[in-house]
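These notes are about the structure you will find just below.
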Amino acid sequence: MAEKHFKYVILGGGVAAGYAAREFEKQGVNPGELAIISKEAVAPYERPALSKGYLFPESPARLPGFHVCVGSGGERLLPEWYKERGIELFLSTEIVKVDLASKSLTSKSGSTFIYGTLIIATGSTVIRLTDFGVQGADAKNIFYLRDVDDADKLYEAIKAKENGKVVIVGGGYIGLELGAVTKLNNLDVAMVYPEPWCMPRLFTAGIAEFYEGYYANKGIQIIKGTVAIGFDSNANGEVTAVKLRGGGVLDADIVVVGVGGRPLTTLFKGQVEEEKGGIKTDAFFKTSVPDVYAVGDVATFPLKLYGEQRRVEHVDHARKSAEQAVKAIKASEEGKTVEEYDYLPYFYSRAFDLSWQFYGDNVGDTVLFGDNNPESPKAKFGTYWIKEGKLVGAFLEGGTPEENSAIAKVARAQPSVQNVDELAKDGLAFISKF
């Protein structure tokens with residue numbers, strides 16, 4: 001097959017790819033210079049919609065409604081947008097071999113792509129129970145959620161198993177969001193996870209207590225401190241039960257697994273420097289290989305605010321790192337420089353009528369403030385993290401846009417905290433001082 005040559009190639013078709021394409025267009029790119037190569041069958045879209053609006057029982061979100069860049073309030077980039085600008089979209093195209101030395105990518109069908117500059121935006125893949133040899137984990141109606149195809153299959157199962165039983169395996173982001181949205185579909189929901197409380201990578205016990213109580217009040221059964229060790233299925237191969245460590249058994253018509261992800265870096269092993277499970281980059285997302293950049297989930301980058309290399313799996317960083325890389329690429333071509341990436345970690349979630357945001361670093365001592373009673377009609381509470389006498393992180397449930405903006409400012413400013421008891425008493429009032 002003939003080689004295809006491009007000045008710029010973005011490998012991956014997720015959120016980062018779409019935002020990178022928009023930044024290229026903003027900076028100036030000629031027709032035929034840029035290509036996006038994606039394993040998915042659709043143009044880049046806002047992935048967070050899959051665990052939220054896509055599965056709503058009423059008026060679910062559907063493409064083309066949530067193509068990038070609507071998630072950040074920007075223009076929606078439909079497939080025609082790329083075509084009109086001469087940006088080539090190679091969809092349903094899986095790259096199976098990468099040779100960074102010769103600047104070539106080879107697809108499963110045998111096509112070769114030659115690039116001048118490469119942006120690695122391959123993102124993550126879900127961790128599957130079959131990876132660990134869990135008995136019966138290949139049964140039908142055991143779902144994972146990473147792309148539109150996964151979401152379509154889960155949605156069909158939810159509709160087919162009306163009023164059925166669903167077991168959510170995992171108590172992290174995906175587990176909590178899918179626990180909520182399956183309950184909204186009138187399913188009987190149970191959540192299972194091994195940790196002592198939900199979302200332990202971010203939540204304190206005090207934060208988690210509210211969400212677990214709220215979910216329990218919605219009729220969701222929460223089983224902590226155990227894991228799924230096997231699955232039973234019927235003669236059709238459909239899952240019927242989840243077997244738990246310790247002997248418990250949960251009936252199930254649907255199982256959804258959300259136990260984390262892995263950055264997709266296998267294609268680059270041995271060709272580029274890695275660190276902390278990702279591809280090591282500088283503050284401009286340049287890797288150790290000339291003309292190769294890495295963004296989003298796969299990048300381990302200098303987190304300037306905390307003086308360390310980190311890898312961040314979140315849509316906000318996917319968007320911003322993609323834009324930074326493109327700015328750096330275009331600036332270097334013109335002999336100019338751009339400012340170093342100075343990222344403030346940000347996480348958020350929405351489920352039921354709840355909405356929380358977190359900014360900064362969740363290390364050090366914690367101070368819980370506000371009303372975190374799950375029985376409250378409109379609970380509003382938060383947590384501050386204090387390390388070495390400075391406030392370094394802030395979490396808020398039920399905040400207004402102004403309050404959320406204020407906790408972001410305070411997390412970046414890292415003000416000194418003289419009295420922790422006073423801070424707990426002040427609560428949200430503390431941020432009004434900054």
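The values are calculated or read from the model by the stated rules, or taken from the named source; none is laboratory data. Every value quoted in this text rests on a predicted model; they were computed, and no experiment measured them. Here the Cβ is made from the backbone with ideal geometry for all residues, glycine too, and neighbour counts use every protein chain on show. Surface areas here come from the heavy atoms of the whole protein model, side chains and all, with no ligands, DNA or RNA. Shrake-Rupley method; radii C 1.70, N 1.55, O 1.52, S 1.80 Å.
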Subject >> Options ALA21, ALA43; residue that is assigned by TED's automatic domain parsing to the domain that holds VAL292, assigned to a loop (DSSP other than H, G, I, E, B), touching a residue at least 12 places away in the same chain (Cβ under 8 Å) and closer than 15 Å to ALA121 by Cβ >> reply: ALA43
Original post:
Does GLY179 satisfy the criteria of being in contact (Cβ under 8 Å) with a residue 60 or more places away in the chain and either in contact with a Leu (Cβ under 9 Å, 6 or more places away or on another chain) or of a type in the set (A, V, I, L, M) (or both)?
Top reply: no
Subject >> Elements of type strands (runs of 3 or more DSSP E) in segment 66-127, at least 3 residues being under 24 Å from the mean Cα position of the chain (by Cα) and under 24 Å from PRO263 (Cα atoms) >> reply: 112-120, 124-126
**OP:** Mind listing whichever residues of segment 191-204 are open to solvent by 10 Å² or more (accessible area, probe 1.4 Å) and either more than 15 Å from GLU397 (Cα to Cα) or among the β-branched types (Val, Ile, Thr) (or both)?
**Re:** PRO194, GLU195, PRO196, TRP197, PRO200, ARG201, THR204
**OP:** Please find, among LYS218, LYS276, the residue that is modelled with pLDDT of 95 or more, touching a helix residue (DSSP H, G or I) at 6+ places or on another chain (Cβ under 9 Å), open to solvent by 50 Å² or more (accessible area, probe 1.4 Å) and of a type in the set (Lys, Arg).
**Re:** LYS218
**OP:** Name the residue, out of ALA228, ALA208, that is touching a strand residue (DSSP E or B) at 6+ places or on another chain (Cβ under 7 Å) and modelled with pLDDT of 95 or more.
**Re:** ALA228
Subject >> Selection within segment 30-51 - under 19 Å from LEU118 (Cβ atoms) and open to solvent by 30 Å² or more (accessible area, probe 1.4 Å) >> reply: ASN30, GLY32, GLU33, LYS39, GLU40
**OP:** Say whether the condition of being without any contact (Cβ under 8 Å) to a residue 60 or more places away in the chain, over 29 Å from PRO64 (Cβ atoms) and assigned to a helix (DSSP H, G or I) is met by at least one residue in segment 188-211.
**Re:** yes
Original post:
So is PHE285 farther than 20 Å from VAL15 by Cα and open to solvent by less than 20 Å² (accessible area, probe 1.4 Å) or not?
Top reply: no
**OP:** Please identify the pairs in which a residue from segment 107-136 that is free of Cβ contacts under 8 Å to residues at least 12 places away in the same chain has its Cβ atom under 7 Å from the Cβ atom of a residue that is among the acidic types (Asp, Glu) and surrounded by fewer than 16 Cβ atoms within 10 Å (Cβ to Cβ), counting only partners at least 6 apart or on another chain.
**Re:** THR130/ASP138
Original post:
Picking from TYR359, TYR346, which residue would you name as being outside the structural domain of GLY398 (by TED's automatic domain parsing), open to solvent by 20 Å² or more (accessible area, probe 1.4 Å) and under 21 Å from LYS52 (Cβ atoms)?
Top reply: TYR346
**OP:** State yes or no: is VAL363 assigned to a loop (DSSP other than H, G, I, E, B), at pLDDT 95 or above and of a type outside the set (Phe, Trp, Tyr)?
**Re:** yes
Subject >> Residues satisfying the stated conditions in segment 281-301, i.e. more than 13 Å from TYR343 (Cβ to Cβ) and assigned to a helix (DSSP H, G or I) >> reply: ASP297, VAL298
Original post:
For segment 333-369, what are the residues that are without any contact (Cβ under 8 Å) to a residue 24 or more places away in the chain and more than 19 Å from PRO401 (Cβ to Cβ)?
Top reply: GLU333, GLU334, GLY335, LYS336, THR337, GLU339
**OP:** Evaluate segment 230-240: report whether one residue or more is in contact with a Leu (Cβ under 8 Å, 6 or more places away or on another chain), assigned by TED's automatic domain parsing to the domain that holds TYR144 and open to solvent by 10 Å² or more (accessible area, probe 1.4 Å).
**Re:** no
Subject >> Residue identified as under 26 Å from GLY213 (Cβ atoms) and either at pLDDT below 95 or in a helix (DSSP H, G or I) (or both) among ILE386, ILE407 >> reply: ILE407
Subject >> Extreme residue, most open to solvent (accessible area, probe 1.4 Å), among residues of segment 302-339 that are assigned to a loop (DSSP other than H, G, I, E, B) and of a type in the set (Asp, Glu) >> reply: GLU339
**OP:** Could you list, in sequence order, all residues of segment 121-141 that are open to solvent by less than 20 Å² (accessible area, probe 1.4 Å) and under 23 Å from ARG47 (Cβ atoms)?
**Re:** ALA121, GLY123, SER124, LEU129
Subject >> Residue check, PRO374 surrounded by fewer than 20 Cβ atoms within 10 Å (Cβ to Cβ) and touching a residue at least 40 places away in the same chain (Cβ under 8 Å) >> reply: yes
**OP:** Please find, among GLY260, GLY270, the residue that is free of Cβ contacts under 8 Å to residues at least 24 places away in the same chain and either surrounded by fewer than 19 Cβ atoms within 10 Å (Cβ to Cβ) or of a type in the set (Phe, Trp, Tyr) (or both).
**Re:** GLY270
